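The values are calculated or read from the model by the stated rules, or taken from the named source; none is laboratory data. Nothing here was measured: the structure is a model prediction, and the numbers come from that model. Positions of Cβ are generated from backbone atoms using ideal geometry, with glycine treated the same way; all protein chains shown enter the neighbour counts. To get the accessible areas, we keep the full protein, side chains included, count just its heavy atoms, and leave off ligands, DNA and RNA. Shrake-Rupley method; radii C 1.70, N 1.55, O 1.52, S 1.80 Å.
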Amino acid sequence: MGSTQTATFGGGCFWCVEAAFKELDGISEVTSGYAGGETENPSYEQVCSGNTGHAEVVQVEYDRAVVGYDELLDVFFAVHDPTQLNRQGPDVGTQYRSIVLFHDDEQERQASAYIEALDEEYDDDVVTELVPLGTFYEAEEYHQDYFEKNPNDAYCQFHASPKVEKVREKFADKLAN
């Protein structure tokens, strides 16, 4: 069995979360998409309506010999506020909820323990959902690598860029070259 694993997280706009994870060493791919809902093959417009049950998420392919799932959890919870219910910053709706979609029992165990410990650190309750991944639907092509392709976009400058900078500062020893 190879050392490549997959993790799936949602913490607001997928452009921001994708950009943050792409900074890390050991990450081979980060794909923006939708998961956690009922609608099959949803479009961005459908997900934005808030009626599909899906969240904007990223699927992270990583080399566990280089970066562990626990380290991915560190980054994920550093770049969003897990106490905000159905929102992150200016983005409001269930599609922007904080969610960890686990792929196996070990991810569930680690994420559950992490969330429990994190709940002790906040005055407000941590509202991050922890659910098994059902189907992951890849987002439209124009959403992939959005920050990388559109670094001067106003939304990216105000919301994605600070998350990327936070990862660069807080996780400097874990950055890709």
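Taking 18 Å as the straight-line reach from the Cα of K174, the lysines in range (excluding those fewer than 8 positions away in the same chain) are K22, K163, K166. Of S49, F158, V30, whose Cα points farthest to the positive end of the dipole of the chain (charges on the beta-carbon: +1 Lys, Arg; -1 Asp, Glu; origin at the Cα centre)? With unit charges placed on the Cβ atoms, the residue in question is F158.
Find the accessible area per residue for the chain; the probe is 1.4 Å, ligands and nucleic acids are left out, and the unit is Å². For the chain, the per-residue accessible area is 49 Å².
What does the charge dipole of the chain about its Cα centre add up to, to the nearest 20 debye, if the Cβ of each Lys and Arg holds +1 and the Cβ of each Asp and Glu holds -1? All intermediate terms of the calculation are to be shown ahead of the outcome.
Values: 11 positive and 36 negative charges, 78 e Å.
Dipole size: approximately 380 debye.
Kirkwood radius and radius of gyration were both taken over the C-alpha atoms of the chain, and their ratio Rg/Rh is 0.93. Our summary gives the chain a relative contact order of 33 percent, counting only alpha carbon pairs under 8 angstrom and 6 or more residues apart. GNM remark for the chain: springs join alpha carbons under 10 Å apart, and the peak mean-square fluctuation among V17, V126, V58 falls on V126. Within the listed set K22, K163, K149, the Gaussian network model of the chain (springs between alpha-carbon atoms below 10 Å) gives the highest mean-square fluctuation for K149.
Using a probe of 1.4 angstrom, how much of the accessible area of region 4-171 is carbon and sulfur, in percent?
Numbers: 3360 of 7780 Å².
The nonpolar share, carbon plus sulfur, comes to 43 percent.
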